[in-house]
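Worksheet for the structure shown next.
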Amino acid sequence: MRNKLKNILAVLLTSISLLSINAQQKGKMENTALLIIDVQNDYFPGGKMELHGAEKAGQNTKRILEYFRKNNLPVIHIMHVSTNEGATFFLPDTSGVKISALVSPQKDEKIITKHFPNSFRETDLLEYLYSKNVKNLVIAGMMTDVCVESTTRAAFDYGFSNTIIGDATATIDRELDGQIVRAQEVQRSFLAGISALGNLYAHIVNTNDFISGK
């Protein structure tokens, strides 16, 4: 009988502890929205602009998305549609422009179409965030050094506090002065730069740490 009571007490204490942790995490996530940038088919294998590590980044983005859905937190999907002359990917009415099935939007999730790297430019993103009283953004997506960076810096200028899920972003090899800069170097450099000066523009965290609340 005594052992039974001990077991019941242990279960109760564990339940109380889990409830406390969940409440703390929920409190931390108040006024927070997930911004998924350009996780679209052309960036994945077989697409017209395959990125290095796109599949891994896409899977991590999916995990972050599931976390936000589980906690009933707002989600915004950004979809780039190329309208500039000479564009070779994300072209209108192609399969490549579609949002990846990994992160397919649900009916209650906002979808914003953009035509520039900065997701705020000529879109209703800012107005939508204000309408939801969002103050903090969790950002995942592609490309790290173009649309993710430009959107994050713009968000900072608008007064948002930003967190980038580093392993839920991806980019591609670049070239400068005839030399190739590998995607891994581009990735690390841009994430390091945007988190410089005490995480001024964004705090960088990986998927596992974010989900566990570290």
Anisotropy class of region 145-214 from Cα gyration tensor, a/c 1.5 cut: oblate
For the chain, built as a Gaussian network whose Cα springs stay under 10 Å, the top-fluctuating residue of Glu149, Glu30, Glu85: Glu85
Top of Asp177, Asp124, Asp167 by mean-square fluctuation, Gaussian network on the chain, Cα under 10 Å: Asp177
Cα-centre dipole for the chain with unit charges at Cβ (Lys and Arg positive, Asp and Glu negative), debye to 20: 1480
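Sorting Leu91, Leu129, Leu200 by accessible area (1.4 Å probe), largest first, what list results? Display every interim value, and only then the final one.
Values: Leu91 50, Leu129 0, Leu200 75 Å².
Solvent-accessible surface, decreasing: Leu200, Leu91, Leu129.
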Entries in Lys62/Lys132; Lys70/Lys132; Lys48/Lys114; Lys48/Lys135; Lys56/Lys132; Lys48/Lys214 that, when Cα-Cα distance is taken, lie over 28 Å: Lys48/Lys135; Lys56/Lys132; Lys48/Lys214
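If eta is 1.306 mPa s and T is 10 °C, what Stokes-Einstein diffusion coefficient results for the chain, Kirkwood Rh from Cα pairs, in µm²/s? Write down the numbers at each step before the final one.
Working: Rh = 18.4 Å.
Result for D is 86 µm²/s.
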Most mobile listed residue (Asn41, Asn60, Asn84) in the chain, GNM with C-alpha springs under 10 Å: Asn84
Per residue solvent-accessible surface (Å²) - the chain, probe of 1.4 Å: 56
In range of the label at Asp209: residues from region 165-202 whose backbone nitrogen is under 18 Å from the point 7 Å along Cα→Cβ: 165-170, 187-202
Length-normalised contact order of the chain in % [C-alpha pairs under 8 Å, at least 6 apart]: 21
Within the accessible area of the chain (1.4 Å probe), percent carbon and sulfur: 52
Ellipsoid semi-axes in whole angstrom, largest first, where each is sqrt(5λ) of the Cα gyration tensor of region 43-135: 23, 19, 10
Under 5 Å, built H, 5+ apart or other chain: amide partners of Thr113: Met79
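The values are calculated or read from the model by the stated rules, or taken from the named source; none is laboratory data. All values derive from a computational prediction rather than experimental measurement. So basically every Cβ, Gly included, is an ideal-geometry build from the backbone, and we count neighbours across all protein chains shown. The protein model used for the area step is the full one, side chains on, heavy atoms only, and it has no ligands, DNA or RNA in it. Shrake-Rupley method; radii C 1.70, N 1.55, O 1.52, S 1.80 Å.
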